[in-house]
Structure formats: structure tokens, C-alpha cells
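Here's the structure, in C-alpha cells; my notes come after.
The values are calculated or read from the model by the stated rules, or taken from the named source; none is laboratory data. Note that the structure is predicted; figures quoted are calculated from it, not measured. In this analysis, Cβ positions are derived from the backbone assuming ideal geometry, glycine residues included, and neighbour counts consider all displayed protein chains. Calculation scope for accessible area: heavy atoms of the full protein, side chains included, ligands and nucleic acids excluded. Shrake-Rupley method; radii C 1.70, N 1.55, O 1.52, S 1.80 Å.
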Amino acid sequence: MTSLETTLFALALTCCALATVGYLLSLLIQKIILAKASTWILAAGFLFLTLTLLRAAVHSSGWVNFGSRHFLSIYAWAIAGIYLGLQFRTKTRLLGAFIAPFILLFLIAAAGQGSGKNLVPPEWQGWLTTLHLVLAIAGEALFVLASAAGAMFMIQNRLLKHKKPGKMGRLLPSLGDLDRINHLGLLWGFPLLTPGMIGGAVYAAFVWGGPWPADPKVIWSFAVWIVYGFLLHQRLAIGWKGSRMASLSFVTFLLFLMSALVIRFCCTTVHNFI
Amino acid sequence: MILLVGLNHKTAPLAVRERLFAGCREAVNLLGDLRAIDGVLEILHIATCNRVELVASVDETPRVMDALKSFLAKYGGLTHDEAASCLYAYRDEEAIKHLFRVTSSLDSLVMGEAQILGQVKEAYRQALAQNATGIALNRLMHRAFRTAKRVRTETGIAANPVSVSFAAVELAKKIFGTLAGKKTLIIGAGEMAELTCMHLIGNGAEDITVANRSAAQAETLAEKYHGRAIGLDALDEGLMDADIVISSTGAPTYVVTQEMVRRCLRKRKNRLLFLIDIAVPRDIDPKADGIENVYLYNIDNLQDLVDENIKNRRREALKAEQIVAEEVTQYLNWLKELEAVPTIVSLRTKVESIVRMEMSKAESWMSKLEKGDREKVDALVKGIVNKLLHAPVAVMKEESAEFNSQDIVAAARQLFRLDD
């Protein structure tokens, strides 16, 4: 990693940490101006992160040559980019309070990882692997967004049902907006994750031949895909909306997050970059 | 000196306010007549349905105060007793504070309402157009607007609605985000339901449906909002389409039952539904609130929100009073400085006339100087004069801003014999 890249990454990390603190503070002292400022700080962080990744891309022979720092950074970058894109279109600034900590978490994890190690063995590298990785990351980032919106929906719903919207209720986005974000997250996330997974499966069939290995990450991803597919189906076909969808997507997300951590620390997997 | 004379909703009954408001409005040249009063230097006239007030910069207080009071009494046709009980008069600090409180909506009937600032601005515009204001009032009004702006942005005094119908609109926004394109169903008819509906339309809600026992009444109301009318028997269908339902019938039993809501929600694919029940006895079964994605608020729930908001506004008003106090102090300091200005001006004039006189005496030998040397002498004299004057002028400004300007001004006038 070049020193310029390190500086850019440090700047991105600092911005993201500041934005996270700002968002959380805005929830705590209930001032929307702080959330507004945090959005701009996060946007600056996003810019620095983009530059870091571009710089890394220029210096490496190809996308898949990235170290684990870059994989985690791309996760953070995708979540931040999708959130910011949505943010500038809708007035849901406080969603940042739920998204920014995740971005920060990914960046901190990335900072803790060495970047020199080549994670994908050279014989596996190729456009299909890249496609698989990029689409899977984008799809999962959108699910994070859908779940964060779900968590906020649950809070706002509770406040409105108890007839006490108060200051917090005024600060949180409207139920309609949050439900729309949840809907969009699922609607975009699923079609991105699907070809991402197919790409991976096709590639694995070529490389490994034979049946799929019982890789925990593969099983985990398949479960994510099935459950989110189920949720999207219920949403579009059955008409599940609002609080049920919000709580289900949030709980699902928590379960997957926990199992991902268990896989990361307790199992051996070919997907060993996070 | 600043004076404020007038009456408002706290001191005068509506009948008196009406009379004075009409009297002032009908006057052909109100500001002209006011300026004609001896001692009035600058004047401004604020008239709203809740208050009629005159703000003036004057050179003599008690007499002008009485003159302004009599003026208002005459225009409003106020009896002696009415004038005595309704009219108030404030001077200097009190007057400035009152004006700042009025402009910041701290003195309004509904504290924190936004109209008053616009009304005061309009009053100022009119006075400006007629050249009725000068340095003191111009500065005063700009300070007043600045105070109002600070109060609005730095406190939450105007943040939350304090009427039931507005509270309902705010809730609708919290549920749906935007009200554009949202469908509203009104069940029954009542003043409050209509008012709420009007506010909803004002915020973008469209497509009004009116359900009523009397078809004729439903038609009339529907026509008013360019909506459609349905009978109470078609309520199921109405509930299926609507996003917001306002109910206020006089029915003794529930008009909308839990089962009806449950049924319609299934058909509408669980779209969010906001039910506002402002009827007493209630129209909508409270159990409907237990259904997912249904938000039911009755009149008490809404009133509780309003009460909470009023309490918040009162709390915020304390912060606002602090801002007003700060701004009053700043304006007073400036005003005091202003009191020293005439003395400073006459001091300068006197010194300049001395310089002119002495220079003309020296004209006979100075005319022999080269042009460049002559300029140097002029610059030298100017420099000495400015340096000598700097200290007394600065001290007069500082002293009069911090303390009373009278003593220092009197001393300066005596020292330099400015009154000779």
C-alpha cells in the first residue's frame, strides 16, 4: 500500500468516524442540523474511499488482486454510496445513524487487515470471479440498507402506535419513506445478489468441477438469498408491508450478521477475505 | 427616546380592537397625522386583528405619550374609561422589549405563530414608503426582525403544531412522508373534520370522498372539495381506497368496526391507514388500532399532542426571552451611543470652523508658499485636529454606551463651550 493510499484511507476512516458520531449525536440531542452536517462529512469520506480504491486499482494488476482491506473497503464503499444516493433523493437523513456505524465497522475491520496478502489465488482470478464479488457485495449492501430502514420503521411505528411521537418521532423519517427504502433495498438487492451467486456457482463448477463443496459461506449465502427472495416475494405478491416487513428484514439481517461472524471466526472457508 | 403606545388582545376586548382597527384603516393619512404631532420624530403603525400599536422615536416623553394615547382614543372612538383600561404605553427599554417580543411572536395569542412577523414587516414597509422612519426606528426594526429570526431558528417555539387539525396533518406526514396523491375519506360532517380536511388538502392530499347518512349533505360537501359522495353502506369500499380517514358522525355506536378495518386492509394489501376519529362518542372501534399498519388517533390523543406541544412552546419561550433581552441590551447600547452623536458633530463643526478661521488669518503668508508646501501644511493641521479629537470622541461613545450619556455629554459641551 502506498503512503498516498494510506493517507486517503485514513481520511476516509476519520470522516466516517466523525459522521457516525455526528449522526448518533443528532439522535441524542435531537438536532437535525447535525445529521445534515454528518451527511456531508460522510460524502467526503465516500470520496476519499473512492480515491483510495481507485489508487489501489491502478497499482494492482486487477480487481481480484485486492487484499482483504480492499474487500472490506468495497463493502463500506458500496453501503455508503447506495445510502448517499438515496439520501440526496429522499429526506431521510437520520437513516445515516443506522447505516454509518456499519460503514465505520467495515472500515475499522479493513484498517485492521493487512493488504499485502493476495486473497484470491491467481488460478481463480478472472472476470467471472470479479463479477461474482461485485454483485454479491452490492446486493448485500442493499440488504443492509433495507434492514436499517426496517429498524427505524420499528422505532417510529412504536412511537406512533403509543401516541407519543415526541421529539424523536419528529426527527425520524416517515413510515412511508422508510417502507419505500426497505422495498427498494429488497427490490434492487435481490436481482444483484442473484447473478452474483450464479456467477460464483458457475465459476466454482468450472474450477472445482463436481458437486459444490460444503463451504459454510456458500451455504450461508444461499440461505441469505432464499430468505431475502422469500421476503421480496411476500412483499410483491402477497402484499406484506410496513411493520411486518420491517421487523422481518431486520431480524433476518441480525441473524445473518451473527452467522457470518461465526463462520468468519470458527469455520474454514474458501471465502476467507472477511 | 423610543415610545410604544397601543392595545392588544390581552388588554382590550374584541369590540374595542375592531373599532380602533377600522378607525385606523379608514384614516386617509394616518402616518402623516401622527408625524404632525409635536415631538414625534419618527413613527410606525402596526395594526393586526389582535393589536394596534404605535412605535415612535420622540424628543420628549410624557407629553408625546399622552398625545399618542389621545390620538388612538380619538381614532378608535374610545371612551375615557376604555382608553384608561385598554391602552398601554411603554418607553425606552420597556418599549423596545415589547416590540421585540411582539415581532418574535412571544406576545401573540397563539405563541410562536408566523404571521405577526410578516405583519410587522408590512407596517415597516409602509412607514418607509412614507419616509416616516429615520435612523432610530430603522435600526430598531432591523433589530426586531433579527430578534424574530433568532427566536425562530434558535428555539423550537414554532416547531410543533398547537391546534388539533394541524396536529393531525403533522401525524399524517409522519406516517406517509408526503401527502401528495393521498386519498382522504371523510365520514360524517363537522367543523373540525372539514378544517382538518382543508389542512390536508393544503398539504397536498387529493381525491376526497365524503360518506354521510344524508346523501344530500354528502353531495354538498363533496362538491366543495371536488370529491365524490358515497352512502354509509358503501363504507367498506371507501375504506379500501382511502389513506386517511377522518370520522366525525353523531352516531351512538361504532361506524367503523375492527372487522371492517381488518377486511379492508387485506384487500388493500396492507397499505398504511391513518384513522382520525374526532367524534364523541367515538366512531371507530379503538380495537382497530391493534391491527398492523393502522394508526388510529382519537380526539383525546390529538389533544394530548397539542397540550404537549403547547408545553414545549412555553419552555422554548424562556429561551426566546433570553434572546430578546440580549437584543434589547445591544440596541440600547447603540441608542445611547447615538445620544452622544449630536455633541460629537457639534464638536467637530466647532473645531473645523476654528481651523478655517485661523487658516484664513494666515492666508497672507501662506499664499506665498509653493503648492506642495501648502498641501503639507494643510495635511499637518488636519492630522493634529484629528489626533486631538480622537480621544474625546472615543471616550464619549464608550461612556455613553456603557453608562448614561448625559454626564459625559454635558461635560464635553461645557469644556468646549459648544452651547455658546
Quiz item: Against the longest alpha carbon principal axis of chain B, how many degrees, from 0 to 90 and to the nearest 10, is the axis of helix B:258-267 turned?
Solution: 80 degrees
Practice problem: Compute the distance in nm between two label points, each set 7 Å from the Cα along the Cα-to-Cβ direction, one at B:Lys376 and one at B:Ala394. | Solution: 2.9 nm
Quiz item: Ranked highest first by average number of other Cβ atoms within 10 Å, how do A:143-155, B:346-358, A:235-247 line up?
Solution: A:143-155, A:235-247, B:346-358
Quiz item: Around B:Asn298, which amide H atoms from residues at least 5 apart in sequence, or from another chain, sit under 5 Å from its own amide H, with H modelled in the peptide plane?
Solution: B:Asp277
Quiz prompt | Shape of the range B:164-306, Cα gyration tensor, a/c cut at 1.5 | solution = rounded
Self-check item: Peptide B:283-292 - average C-beta neighbours from other chains (10 Å radius)
Solution: 1
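Net charge near B:Thr184: determine it from the other residues with C-beta under 12 Å of the C-beta of B:Thr184, scoring Lys and Arg +1 and Asp and Glu -1. Present the calculation step by step, with values, prior to reporting the outcome.
Numbers: positive: B:Lys182, B:Lys183, B:Arg228; negative: B:Glu194, B:Glu206, B:Asp207, B:Asp241, B:Asp243.
Net charge in that neighbourhood comes out at -2.
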Practice problem: Could you grab the relative contact order for chain B? Cα pairs under 8 Å, six or more apart, rounded to a whole percent. | Solution: 12 percent
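So if R0 is 56 Å, what FRET efficiency would B:Leu332 and B:Asp233 give, r being the distance between their Cβ atoms, rounded to the nearest 0.05?
Values: r = 70 Å, r/R0 = 1.25.
Given R0 = 56 Å and the Cβ-Cβ separation, E is 0.20.
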Exercise. For the range B:352-364, take each phi angle, set θ = phi - 60°, evaluate the Karplus expression 6.51 cos²θ - 1.76 cosθ + 1.60, and give the result in whole Hz per residue in order, putting x for glycine and proline.
Key: 5, 5, 4, 4, 4, 4, 5, 5, 5, 5, 8, 4, 4
Practice problem: Work out the charge dipole of the range B:146-265 with +1 on the Cβ of Lys and Arg and -1 on the Cβ of Asp and Glu about the Cα centre, then indicate which of B:Ala242, B:Cys197, B:Leu265 is farthest towards its positive end. | Solution: B:Cys197
Exercise. Go ahead and collect, in residue order, the members of the range B:316-355 whose backbone nitrogen is under 20 Å from a label point 7 Å along the Cα-Cβ direction of B:Val385.
Key: B:341-355
Exercise. Please express the Cα-Cα pair-distance distribution P(r) of the protein assembly as shown as a list of whole percents, one per 20 Å bin, running from 0 to the bin with the greatest distance.
Key: 14, 30, 28, 19, 8, 1, 0
Quiz prompt | Nearest-20 debye value, chain B charge dipole, Cβ charges on Lys, Arg, Asp, Glu | solution = 960 debye
Quiz item: Among B:Ala211, B:Tyr331, B:Ala89, which residue has its Cα positioned farthest towards the positive end of the charge dipole of chain B, with +1 placed on the Cβ of Lys and Arg, -1 on the Cβ of Asp and Glu, and the dipole taken about the Cα centre?
Solution: B:Tyr331
Quiz prompt | For B:Leu41, distant residues with modelled amide H under 5 Å away | solution = B:Ser57, B:Val58, B:Asp59
Quiz prompt | Over chain B: helical MRE at 222 nm, DSSP H runs n ≥ 4 each giving -39500 (n - 2.57), nearest 500 | solution = -19500 deg cm²/dmol
Quiz item: Taking the highest mean first, how do the peptides B:25-34, A:188-197 order by number of other beta carbon atoms within 10 angstrom per residue?
Solution: A:188-197, B:25-34
Quiz item: In peptide B:260-270, how many Cβ atoms from other protein chains are near each Cβ within 10 Å, on average?
Solution: 2
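Taking the Cβ of A:Gln234 as the center, what net charge do the other residues with Cβ under 13 Å away carry, scoring Lys and Arg +1 and Asp and Glu -1?
Details: positive: A:Arg235, A:Lys241, A:Arg244, B:Lys269; negative: none.
Spelling it out: positives minus negatives among the neighbours equals +4.
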Quiz item: Measuring from label point to label point, each 7 Å out along Cα→Cβ, what is the A:Ile29 to B:Lys10 span in nm?
Solution: 3.2 nm
Quiz item: For the range B:164-306, which whole percent of the accessible surface, found with a 1.4 angstrom probe, sits on carbon and sulfur atoms?
Solution: 52 percent
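Mind checking Rg over Rh on chain B, alpha carbons, Kirkwood formula for Rh?
Values: Rg = 32.5 Å, Rh = 26.7 Å.
In chain B, Rg relative to Rh is 1.22.
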Practice problem: Let me know the shape class of the range B:2-159, please: from the alpha-carbon gyration tensor, a ≥ b ≥ c as square roots of the eigenvalues, rounded when a/c is under 1.5, otherwise prolate if a/b is greater than b/c, or oblate. | Solution: oblate
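So, with +1 on the Cβ of K and R and -1 on the Cβ of D and E, and no other charges, what is the size of the charge dipole of the protein assembly as shown about its Cα centre, to the nearest 20 debye? Let's see the in-between values first.
Working: 75 positive and 65 negative charges, 351 e Å.
That gives a dipole near 1680 debye.
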Quiz item: Hey, rough spin-label estimate for A:Cys266 and A:Arg89, points 7 angstrom out along Cα→Cβ, what's it come to in nanometres?
Solution: 3.9 nm
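Determine the shape class of the range A:158-264: with a ≥ b ≥ c the square roots of the Cα gyration tensor eigenvalues, call it rounded for a/c under 1.5, and otherwise prolate if a/b is greater than b/c, oblate otherwise.
Values: a/c = 3.31, a/b = 2.30, b/c = 1.44.
Prolate.
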Practice problem: With +1 on each Lys and Arg Cβ and -1 on each Asp and Glu Cβ, and nothing else charged, work out how big the dipole of the range B:2-159 is about its Cα centre, in Debye to the nearest 20. | Solution: 540 debye
Practice problem: Return the average number of partner chain Cβ atoms within 10 angstrom of each residue Cβ along peptide A:169-178. | Solution: 5
Quiz item: With point charges of +1 on the Cβ of Lys and Arg and -1 on the Cβ of Asp and Glu, referenced to the Cα centre of the protein assembly as shown, which listed residue (B:Leu34, A:Leu104, A:Ala204) lies farthest in the positive direction of the dipole?
Solution: A:Ala204
Quiz item: Any idea of the total accessible area buried by the B-A contact, 1.4 Å probe, rounded to 100 Å²?
Solution: 1800 Å²
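What order do you get for A:165-174, B:60-69, A:71-80 when each peptide is scored by the mean count of other beta carbon atoms within 10 Å, highest first?
Numbers: A:165-174: 18.7, B:60-69: 16.7, A:71-80: 24.5.
Top to bottom by mean Cβ count within 10 Å: A:71-80, A:165-174, B:60-69.
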Quiz item: If the chain between B:Ser364 and B:Thr220 were fully stretched, how many nm would it gain, using 0.36 nm times the residue separation less the Cα-Cα distance?
Solution: 42.0 nm
